[in-house]
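Okay, so here's the structure we're looking at.
Nothing in this text is a laboratory measurement; each read-out follows from the coordinates by a stated rule. It should be emphasised that the depicted structure is a prediction, and the values quoted were computed from it without experimental measurement. Because the Cβ atoms are built from the backbone with ideal geometry, glycine has one as well, and the counts that use them run over all protein chains shown.
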Amino acid sequence: MNLREVSSLLMEASSNSFLRTSLDRANLSYWELRKSVFSKYPYLKDLADKVREVKESSLERMEELTHIAMESVERNGGFAYLARTPDEARRIVDEIVGDGKVIVKGKSITSEELGLREHLASRGKEVYETDLGEFLVQFIGPKSMHFISVSIHLTRERVAEFLRGFMGEEVDKDDIEGMVSLVRKFLRRKYFEADIGMSGVNAFAADEGCGFIIENESNVRLSISLPRKHIMLVGMEKVLPTMLDAWRAVEVITRYNGYKVSSYVNIVRGPQKDGFGPRELHVIFLDNGRVESSRDPVLKEALLCLRCGACQYLCPVFWIVGGYWGGLKSVYSGGIGVIWEYITGSKEEATKHSFACLLCGRCKEACPMRIDQQKILREIRRRGYSVKAP
Ligand code: SF4
């Protein structure tokens, strides 16, 4: 994609009236929720500062903490792996999956970094996203459009049309509950048929080897507890020293998502005990550019990101073009997404998309980690990775 194509993509997105209306609704409602959360919990900013402090020192010892976490996983009876590249991670996943056929997945942007769903499908596996929005994006496309509101770009007409074809049943576009229940029924069967469950994590406590996963639909809970094997994917920047640190991060993420409390927080510690949970737990820690970036004086700040989505709601560019900013091939979107694409994906694509930033700095105000995206994006532009004028 050249710079002209980037700009046409963004122009096209900006004239999509449905997307504009959905983004307006989502952003305005987020700001109402955020106001009410902050007035109820005035200590949130201080808590976020504490999390930033712990994350900063954790990034300084990312390798060491990952090794402590791996030892804890094995002590708990699980299997721990360190994958330096997406290829290595996919190879590890292939070995674990073996001749398993059906895989149910919780939302995990780390798995998208690996193109895991497409990879497994190409090997003849049946893979299902179990988060409702992700399920729709899996089949309708083109990509998750937001860290939280992943299917914000899909109209109810488009969803009804897809479900009619996919489920072979009559679907009323105005019956949202009916559509949700259809997907729920379909996925219920898949949880029981599945050989493997997969999830990402929001935080990982190295001392006890526990993954913390926030969710609202109970889909992750079912993906963890019903299949025989569970695979947890952990970006190395998510590893924190202690359970308390992870709990604090969970509270900050939830509240900056705009929730007072999320419906569920899963803590996954090890394989089955007393007949509950997966018989095998496999935890894959992923590097994919994180260690190198943790040593980069400018990029390392981006590793503090908690994926709360607050900056995406506040950003004036994102408000107009949504997840199209970043390109349809990148799994990440928005200003922070461009930076993460630079760290984990294509530097060239990320550099082109870095020019869409207005450098207004509103994202820093919204961010619990006070990440200075403007500064990082300027630096990415300055490095000018092979960007040619059209
Ligand atoms: S950059 Fe900050 S506001 Fe944006 S998703 Fe990450 S933690 Fe949240």
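A crude spin-label estimate for the pair Glu63 and Arg25, with each label 7 Å from Cα along the Cβ direction, gives 5.0 nm. Val37 sits among other residues whose Cβ lies under 13 Å from its own Cβ, and their net charge, with Lys and Arg +1 and Asp and Glu -1, is +4. The dipole here belongs to the chain: it is taken about the Cα centre, uses +1 on the Cβ of Lys and Arg and -1 on the Cβ of Asp and Glu, and is about 660 debye. The overall shape of the stretch 1-92, judged from the alpha-carbon gyration tensor, is oblate: a/c is not under 1.5, and a/b is no greater than b/c. Comparing Tyr81, Tyr41, Tyr264 in a Gaussian network model of the chain where C-alpha atoms under 10 Å apart are linked, the largest mean-square fluctuation is found at Tyr41.
Which listed residue (Phe166, Ile140, Val73) has the Cα farthest towards the positive end of the charge dipole for the chain, taking +1 on Lys and Arg C-beta and -1 on Asp and Glu C-beta about the Cα centre? Farthest towards the positive pole: Ile140. Its convex hull of Cα atoms gives the chain a direction-averaged projected area, equal to a quarter of the hull surface, of 18.4 nm². Among the lysines of the stretch 62-290, pairs that are 8 or more positions apart or on different chains and have alpha carbons within less than 14 Å of each other number 9. Counting charges near Phe212 (Lys, Arg +1; Asp, Glu -1) among other residues having Cβ under 15 Å from its Cβ returns a value of +2. Segment Arg164..Glu118, full-extension length gain: 14.2 nm, with 0.36 nm per residue of separation and the alpha-carbon distance subtracted.
Less than 5 angstrom separates the built amide H of Phe79 from those of Leu281, His282, Val283, all sequence-distant by 5 or more or on a different chain.
Compared with the alpha-carbon gap, the fully stretched path from Ser218 to Glu126 is longer by 31.0 nm at 0.36 nm per residue.
By the Cβ distance rule of under 4.7 Å, the chain has these cysteines without a partner: Cys210, Cys305, Cys308, Cys315, Cys357, Cys360, Cys367. Got the relative contact order for the stretch 134-271 handy, in percent, Cα pairs under 8 Å and 6 or more residues apart? Averaging sequence separation for qualifying contacts and normalising by length gives 22 percent for the stretch 134-271. The dipole here belongs to the stretch 62-290: it is taken about the Cα centre, uses +1 on the Cβ of Lys and Arg and -1 on the Cβ of Asp and Glu, and is about 320 debye. Would you work out which of Val102, Gly209, Gly258 lies farthest towards the positive end of the dipole of the stretch 62-290, given +1 charges on the beta-carbon of Lys and Arg and -1 on that of Asp and Glu, about the Cα centre? Comparing the listed Cα positions along the dipole, Val102 ranks first.
Which residue, Lys101, Lys50, Lys35, has the most motion in a Gaussian network model of the chain that connects Cα atoms within less than 10 Å? Evaluated over the chain, the most mobile residue of the options is Lys35.
When only Cα pairs under 8 Å and 6 or more residues apart are kept, what is the percent relative contact order across the chain? Walk me through the numbers before you get to the answer.
Working: 705 pairs, mean separation 89.9, N = 390.
The normalised contact order for the chain reaches 23 percent.
Distances between every pair of Cα atoms in the stretch 305-388, grouped in 10 Å steps from 0 to the bin holding the largest one, split as 21, 57, 22, 1 percent.
The charge dipole of the stretch 191-327, taken about its Cα centre with unit charges on the Cβ atoms of Lys, Arg (+1), Asp and Glu (-1) only, comes to about 160 debye.
The Cβ shell under 9 Å around Asn266 holds other residues with a net charge of 0, Lys and Arg each +1, Asp and Glu each -1. In whole angstrom, the stretch 62-290 maps to an equivalent ellipsoid with semi-axes of 29, 20, 17, each derived as √(5λ) from the alpha carbon gyration tensor and ordered largest first.
What shape does the stretch 179-333 take by its C-alpha gyration tensor, where a ≥ b ≥ c are the square roots of the eigenvalues and a/c under 1.5 counts as rounded, a/b above b/c as prolate, and the rest as oblate?
oblate
Looking at the stretch 62-290 alone, DSSP beta bridges between its own residues are antiparallel in about 25 percent of cases.
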